[in-house]
Amino acid sequence: MQRRYWKGLMITAAILALICTGALTGCQKKVSTTPEMTSTGTSTSTGTVASSGAGTTTASSSSVSEEPMGGDTGPEAVKPSVNVDEMRVRFNTENVHFAFDSSDLSPEAMAILKDKAFFLRLNPSKGVLIKGHCDERGSLEYNLALGDRRANSAKNFLTDLGIDARRINTISYGEEMPLDPASNEAAWAVNRRCEFALE
C-alpha cells in the first residue's frame with residue numbers, strides 16, 4: 001500500500017514538474033514597439049523584448065536618446081534628441097501662419113509651437129521674440145493690431161505649455177515687412193505669420 005502511495009506521488013510530482021517547466025520555458029518572447037518621430041519626420045521604432053526570465057533586453061532600430069516632452073501630451077511623453085544647432089535654426093526659421101483676418105491657431109501652428117516649447121524647456125536661459133505680421137489688406141492701424149493679436153495668440157499658447165511669460169516678448173509689424181511683396185493670395189498667405197527669434 002505504501003509503495004503504491006509513493007508511486008502515485010512520484011507520478012503527480014513528475015507531471016507538475018513538466019507543467020511548470022513548460023509554463024516557464026514555453027512562453028514566446030513578446031516585443032512591444034513604440035514608433036517615434038525624428039526631427040526629419042521619419043519614424044523609428046524602439047522596442048523592449050520581454051522574456052520569461054528575470055531580465056529584459058532593449059532593442060532599438062536607431063540610436064536615439066529619449067527626453068521628456070511636455071505640452072498636452074503629459075510629462076511621460078518622449079521625444080528623440082536631435083542636434084541642438086539644427087533645433088536652434090529650425091526654431092528661428094519655422095513660422096506660424098494664419099488664416100485671413102484671424103489670430104486663431106491652426107492645428108499645424110499648434111504643432112510648431114509645441115516644438116518651440118520643447119526647445120525652450122531644453123534651454124531655460126533663452127527667451128523668444130514673437131513678431132506678428134499681416135498681409136497688405138486692411139488699414140495700417142488695423143494690421144498692427146491684428147499682428148499684435150497673432151503674436152499674443154502664439155505667446156499665450158506657449159505659456160499654456162508651461163513656458164514662463166517673462167521669457168516671451170511680442171511685437172507687431174503689421175503689413176510693413178512682407179516676405180512676398182506680390183499682391184495675390186499666395187503672397188498674402190505667406191505674409192500672414194508669426195516669426196520667432198531667440199533672445
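Of the residues contained in region 105-120, one or more are found to be touching a strand residue (DSSP E or B) at 6+ places or on another chain (Cβ under 8 Å) and not in a helix (DSSP H, G or I). Out of S172, S153, one residue alone is among the hydroxyl-bearing types (S, T, Y) and in contact with a Ser or Thr (Cβ under 7 Å, 6 or more places away or on another chain). It is S153. The residues on offer are S139, S102, S106, and the sole one that is within 25 Å of R88 (Cα to Cα), in the same structural domain as N92 (by TED's automatic domain parsing), out of contact with any Pro (no Cβ under 8 Å at 6 or more places or on another chain) and of a type outside the set (F, W, Y) is S106.
Filtering region 151-177 to residues that are under 19 Å from K126 (Cβ atoms) and not in a helix (DSSP H, G or I) leaves L161, G162, I163, D164, I168, N169, T170, I171.
Can you find a residue that is at pLDDT 95 or above, surrounded by fewer than 15 Cβ atoms within 10 Å (Cβ to Cβ) and either among the polar types (S, T, N, Q) or within 19 Å of G174 (Cα to Cα) (or both) anywhere in region 74-87? No, the conditions are met nowhere in region 74-87.
The values are calculated or read from the model by the stated rules, or taken from the named source; none is laboratory data. Just so we're clear, the structure is a prediction, and the values are computed from it rather than from any experiment. Note that we place each Cβ from the backbone using ideal geometry, even for glycine, and neighbour counts take in every protein chain shown.
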